[in-house]
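Enquirer: One structure, as structure tokens, below. Some questions next.
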Amino acid sequence: MNFKFKAALVAALSLAPFAASAFDGPELYDGEQALYEKAQEEGLIVSFDTGPTWANWSSQFKNFKARYPGVEMVYNDLGSAATVVALDKSRNRPQADTAYYFAGSALDAVAKDVVAPFEPVNFDKLPDELREKDGKWFTIHKLNIAFLVNKKLVKETPESWADLLKSEYKNSIVYLDPRSTGQGQVVVFGAAFGNGGDMDNIQPGIDYLARLHDSGNVLRTVGTTPYAQFLKGEIPIWIGYENDGLKAKYKDGMGDDIDVVIPKEASAAAPYAISMVKNGPNPSSAKLWLNYIMTDEGQATFAEGYVRPSVPGVKLSPEVADKMPDAPQIRPIDIVKATALKADIDTGWSKAVLGD
């Protein structure tokens with residue numbers, strides 16, 4: 001066990017006996033108070049891969065602890081694939097209560113039988129493609145493909161996939177390599193959705209990206225997120241995730257120098273999921289935590305970190321809603337189908353774009 005994580009765990013356990021007996025205000029859902037009382041007996045929730053700087057987890061932690069002062073929170077930031085490895089290695093004596101990851105890794109966790117079924121608040125509102133049927137994973141927020149446009153380098157902001165093919169965007173476009181990155185794979189789906197394809201026909205997306213390269217408009221593809229380079233003004237147009245653009249605009253100083261555009265034909269949403277760990281040490285606390293982040297209140301907190309809630313119809317504050325207006329052209333990818341298609345995308349893109 002990581003030393004810092006172990007130290008935090010010991011410290012949290014030492015505080016657990018000083019639990020409060022009730023939260024303020026009415027229940028967020030039926031049975032919340034009874035579940036909280038059970039969670040107080042455990043006194044702790046161990047949350048894997050919820051790094052505080054990602055997706056507004058820091059505010060989720062703060063709000064959860066304010067509502068449930070009798071339950072301490074311990075977390076780490078392992079990464080999606082590493083989280084599944086950690087769950088597998090500790091299956092005989094699990095350390096985690098919950099695990100968060102890109103939904104493709106959730107499929108791996110189910111295959112390795114390290115997660116348990118649990119249907120939280122609002123589970124039934126999720127589309128089928130955003131949940132495992134028994135609740136072994138469920139999507140808590142989505143990341144959407146958008147055009148991140150540096151207006152200092154681009155005179156006219158593109159609004160559509162068709163626009164990106166215009167000659168004025170010569171040597172301007174960067175996106176992540178779909179063979180080695182999840183975001184790159186989602187770009188292929190976004191391009192497919194925007195050019196007449198669907199989850200059962202991704203070829204239009206591959207063909208489109210080939211045309212984009214043939215036009216000379218692609219500056220390069222990259223293997224890691226080029227956020228720092230984009231902030232420095234080294235990238236005119238990045239086909240990336242909406243939340244990175246909004247973060248650059250509102251948090252990291254770009255302001256009016258960036259446009260964040262959901263392409264008007266269609267875009268793709270990547271699901272990020274969470275699970276209850278099988279035989280985790282604090283099952284009541286796990287359920288309390290998972291329920292909380294799936295309430296309307298928890299979902300709205302994700303939106304404050306510029307990621308879109310997975311539960312349909314969650315009311316956002318006017319300030320947040322203005323930054324992420326409704327975009328009905330966004331379509332969630334079916335992660336089961338997407339995972340099965342990875343090899344086809346790898347080979348299809350390589351052949352069409354690189355001639356391999």
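The values are calculated or read from the model by the stated rules, or taken from the named source; none is laboratory data. For clarity, every value in this text was computed on a predicted model and none was experimentally measured. Every residue, glycine among them, receives a Cβ derived from its backbone with ideal geometry; neighbour counts consider all protein chains shown. Each accessible area value is taken on the protein alone, full model and side chains, heavy atoms only, with ligands, DNA and RNA left out. Shrake-Rupley method; radii C 1.70, N 1.55, O 1.52, S 1.80 Å.
Enquirer: Would you mention how many residues in the stretch 47-72 are buried (at least 20 other Cβ atoms within 10 Å of the Cβ) and under 12 Å from residue 100 (Cβ atoms)?
Expert: 7
Enquirer: Being modelled with pLDDT under 95 and either β-branched (Val, Ile, Thr) or crowded, with 17+ Cβ neighbours inside 10 Å (or both) is the requirement here; does residue 135 meet it?
Expert: no
Enquirer: For the list (1) out of contact with any Ser or Thr (no Cβ under 8 Å at 6 or more places or on another chain); (2) part of a loop (DSSP other than H, G, I, E, B), I need the number of the one condition that residue 179 fails.
Expert: So the condition that residue 179 fails would be (1).
Enquirer: Looking only at the stretch 283-302, which residues are without any contact (Cβ under 8 Å) to a residue 40 or more places away in the chain and open to solvent by less than 10 Å² (accessible area, probe 1.4 Å)?
Expert: None; the set is empty.
Enquirer: If you don't mind, there's one more thing I want to ask. Is it fair to say residue 99 is crowded, with 24+ Cβ neighbours inside 10 Å and in contact with a helix residue (DSSP H, G or I) (Cβ under 9 Å, 6 or more places away or on another chain)?
Expert: It is true that residue 99 is crowded, with 24+ Cβ neighbours inside 10 Å and in contact with a helix residue (DSSP H, G or I) (Cβ under 9 Å, 6 or more places away or on another chain).
Enquirer: Same structure again: Pick from the stretch 316-356 the residues that are closer than 26 Å to residue 259 by Cβ and of a type in the set (D, E, K, R): which of them is least open to solvent (accessible area, probe 1.4 Å)?
Expert: Result: 323.
Enquirer: In the stretch 271-282, how many are open to solvent by 10 Å² or more (accessible area, probe 1.4 Å) and either out of contact with any Pro (no Cβ under 6 Å at 6 or more places or on another chain) or assigned to a helix (DSSP H, G or I) (or both)?
Expert: Adding up the residues that qualify gives 5.
Enquirer: Show the residue pairs that are 6+ apart or on different chains and have beta-carbon atoms under 8 Å apart, the first residue being within the stretch 206-235 and in a strand (DSSP E or B), the second being small (Gly, Ala, Ser).
Expert: 219/172; 221/184
Enquirer: So, one more: Across the stretch 80-126, what is the number of residues that are small (Gly, Ala, Ser) and over 30 Å from residue 315 (Cα atoms)?
Expert: Number satisfying all stated conditions: 7.
Enquirer: Next up: Given the options 81, 55, 34, name the one that is closer than 24 Å to residue 140 by Cα and modelled with pLDDT of 95 or more.
Expert: Step by step, each of 81, 55, 34 is checked, and only 34 is closer than 24 Å to residue 140 by Cα and modelled with pLDDT of 95 or more.
Enquirer: Let me ask something else about it. Can you find a residue in the stretch 250-270 that is open to solvent by 60 Å² or more (accessible area, probe 1.4 Å), modelled with pLDDT under 95 and closer than 28 Å to residue 104 by Cα?
Expert: Looking through the stretch 250-270, none of the residues is open to solvent by 60 Å² or more (accessible area, probe 1.4 Å), modelled with pLDDT under 95 and closer than 28 Å to residue 104 by Cα.
Enquirer: Go over the candidates 208, 169, 241 one by one and state the one that is among the aromatic types (Phe, Trp, Tyr), within 30 Å of residue 273 (Cβ to Cβ) and either surrounded by fewer than 24 Cβ atoms within 10 Å (Cβ to Cβ) or touching a helix residue (DSSP H, G or I) at 6+ places or on another chain (Cβ under 6 Å) (or both).
Expert: Only one candidate qualifies: 208.
Enquirer: Identify, please: which residue in the stretch 107-132 is of a type in the set (D, E, K, R) and open to solvent by less than 80 Å² (accessible area, probe 1.4 Å) and is, among those, nearest to residue 298 (Cα to Cα)?
Expert: Going through the qualifying residues, I end up with 131.
Enquirer: Test of understanding: among 95, 40, which residue is in a helix (DSSP H, G or I) and either at positive phi or polar (S, T, N, Q) (or both)?
Expert: It is 40.
Enquirer: Go through the stretch 182-200 residue by residue and tally those that are in a loop (DSSP other than H, G, I, E, B) and either in contact with a Lys or Arg (Cβ under 8 Å, 6 or more places away or on another chain) or crowded, with 19+ Cβ neighbours inside 10 Å (or both).
Expert: 5
Enquirer: Another one. Which residues, taken from the stretch 36-46, are under 20 Å from residue 94 (Cβ atoms), out of contact with any Ser or Thr (no Cβ under 6 Å at 6 or more places or on another chain) and open to solvent by 10 Å² or more (accessible area, probe 1.4 Å)?
Expert: Scanning the stretch 36-46 gives a single hit, 41.
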